[in-house]
1. Go through the residues of region 135-145 one by one and say whether even a single one is modelled with pLDDT under 90 and near the ligand (Cβ under 10 Å from one of its atoms).
2. Does region 1-58 hold any residues that are small (G, A, S) and in a helix (DSSP H, G or I), and which are they?
3. If you check L196, L206, which single one turns out to be farther than 20 Å from L29 by Cα, more than 10 Å from the ligand (Cβ to nearest atom) and either touching a residue at least 60 places away in the same chain (Cβ under 8 Å) or of a type in the set (S, T, Y) (or both)?
4. Say we look at region 154-193 and pick out the residues that are touching a Gly at 6+ places or on another chain (Cβ under 7 Å) and open to solvent by 10 Å² or more (accessible area, probe 1.4 Å); which of these is nearest to the ligand (Cβ to nearest atom)?
5. Given the residues G27, G85, which is the only one that is open to solvent by less than 10 Å² (accessible area, probe 1.4 Å) and touching a strand residue (DSSP E or B) at 6+ places or on another chain (Cβ under 8 Å)?
6. Looking only at region 254-268, count every residue that is in contact with a Leu (Cβ under 9 Å, 6 or more places away or on another chain) and assigned to a helix (DSSP H, G or I) and tell me the total.
7. In region 67-82, how many residues are at pLDDT below 90 and surrounded by fewer than 15 Cβ atoms within 10 Å (Cβ to Cβ)?
8. Within region 324-347, which residues are farther than 18 Å from C245 by Cα and either open to solvent by 20 Å² or more (accessible area, probe 1.4 Å) or assigned to a helix (DSSP H, G or I) (or both)?
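The values are calculated or read from the model by the stated rules, or taken from the named source; none is laboratory data. Just so it is clear, the structure is predicted and the values come from calculations on it, not from any experiment. Please note: Cβ atoms are built from the backbone with ideal geometry, for glycine as well, and neighbour counts cover all protein chains shown. For accessibility, only protein heavy atoms count, side chains too; no ligands or nucleic acids. Shrake-Rupley method; radii C 1.70, N 1.55, O 1.52, S 1.80 Å.
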Amino acid sequence: MVVVDVLNKKRLGKELSYQELDFIFNGYLNGTVKDYQMSALLMAICINGMSDEEIFALTKIFIDSGDILDFGDAGIIVDKHSTGGIGDKTTLVIAPIVASCGVPVVKMSGRGLGYTGGTIDKLESIPGFNVNLTDEKVKSQLKKIGVSISSQTANLTPIDKVIYALRDVTATVSSIPLVASSIMSKKIAGGADKILIDIKVGKGALLKNREEAKKLADLMVKIGSFYQREVRTVISDMNTPLGYCTGNSLEVLEAIEILKGRQYGTVLSDLCIDLASEMVSMGKEISKQDAKIMVLESLNKGRAYEKFLELVKAQGGHLEKMKVSKKTQRIKAPIDGVIKKIDALAVGKLSIELGAGRKTKEDKVDHTVGIKLNKLIGDKVKKGDILAILYVNDKIDLDNIETIFTIGE
Ligand code: URA
């Protein structure tokens with residue numbers, strides 16, 4: 001087989017066979033296919049799309065490139081994945097809730113990507129918290145406390161790892177077939193029996209409209225049924241940051257507030273309860289209504305928070321040593337009015353500027369910095385009211401940041 005012939009075929013919008021996809025993608029992993037050739041193929045896929053058969057084949061090639069985890073008799077393993085957002089700390093809340101309802105949770109999470117935060121960076125703001133668990137440790141922790149959250153092990157879907165890094169720098173991230181096979185291969189190789197996908201849509205998300213999100217949702221369900229996995233999807237808004245806080249320590253502290261039942265009725269707590277209810281419904285094979293009763297009871301009785309403390313302890317974390325920067329700056333309302341919009345992307349960009357995320361792969365994350373919104377959409381404000389508090393380490397020039405709040409009549 002000749003690489004250029006395969007690239008040409010996809011450029012012309014023709015369907016690639018399993019063998020052709022295998023040749024190119026495994027070739028890229030072992031170095032016989034070069035960056036420029038793979039970039040050309042990815043762009044051709046972005047422009048011409050893929051058939052369902054190609055997508056199933058690609059998902060299989062990704063899965064088979066590494067280890068496949070199996071948790072044996074641990075019960076029905078339900079996993080949840082978010083396509084990424086600003087201020088999205090739902091995993092920190094949901095994993096302990098679901099585990100406290102008796103559904104085992106093995107969560108493999110990622111670091112921040114672009115302007116979106118990552119669960120692993122958030123957990124590392126808890127001093128001592130070990131995110132690098134071996135498969136053996138995951139299994140023993142699952143037996144002991146029913147939940148683990150860790151970084152993806154090196155040998156899980158290694159092709160996805162190298163392809164994702166290339167997509168990130170070749171404007172080929174937001175291809176629906178590529179997103180679907182990337183996420184689904186990780187979930188299946190990670191040992192999930194049932195999968196819940198939270199597809200984010202809006203300014204601060206990978207997908208900008210509901211039509212694209214629906215296409216992705218349908219495709220993931222199809223991949224799931226091909227692999228005999230139940231897949232449910234939720235499409236949720238990412239035009240506005242999720243919750244009050246963005247930034248690693250701040251987001252962990254906000255998640256704790258929800259686990260302690262102190263932030264009911266917000267968009268964030270409602271989404272956490274909804275996603276956790278879906279997971280419990282899948283894991284226990286009960287209706288979502290019944291699952292929601294269990295979820296609310298677990299929160300109200302403090303069981304979810306206790307499970308979170310067990311999780312932190314099992315992975316070596318010390319909550320009492322967490323730090324938030326003592327240096328702060330304030331964004332104030334320039335006029336009287338009502339908050340009409342809070343721009344998620346502008347919050348994401350500011351958060352990176354403060355040091356809560358990375359501008360290059362090599363950057364170190366500052367866990368102590370971030371943004372706490374003081375007002376949410378619909379709140380009335382007077383000129384001079386504090387709209388947000390920035391936790392900084394180096395003072396920033398507030399005149400040079402993108403507008404976050406839109407205030408109207
Ligand atoms: N998250 C992933 O893991 N893969 C994608 O392609 C997009 C979001």
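1. No, there is no match, as no residue in region 135-145 is modelled with pLDDT under 90 and near the ligand (Cβ under 10 Å from one of its atoms).
2. Of everything in region 1-58, those that are small (G, A, S) and in a helix (DSSP H, G or I) turn out to be G27, S39, A40, A44, A57.
3. After applying the criteria, what remains is L196.
4. Selected residue: P177.
5. Result: G85 is the single residue among G27, G85 that is open to solvent by less than 10 Å² (accessible area, probe 1.4 Å) and touching a strand residue (DSSP E or B) at 6+ places or on another chain (Cβ under 8 Å).
6. Number satisfying all stated conditions: 7.
7. Total meeting the criteria: 3.
8. P334, I335, D336, V338, K340 - these are the residues of region 324-347 that are farther than 18 Å from C245 by Cα and either open to solvent by 20 Å² or more (accessible area, probe 1.4 Å) or assigned to a helix (DSSP H, G or I) (or both).
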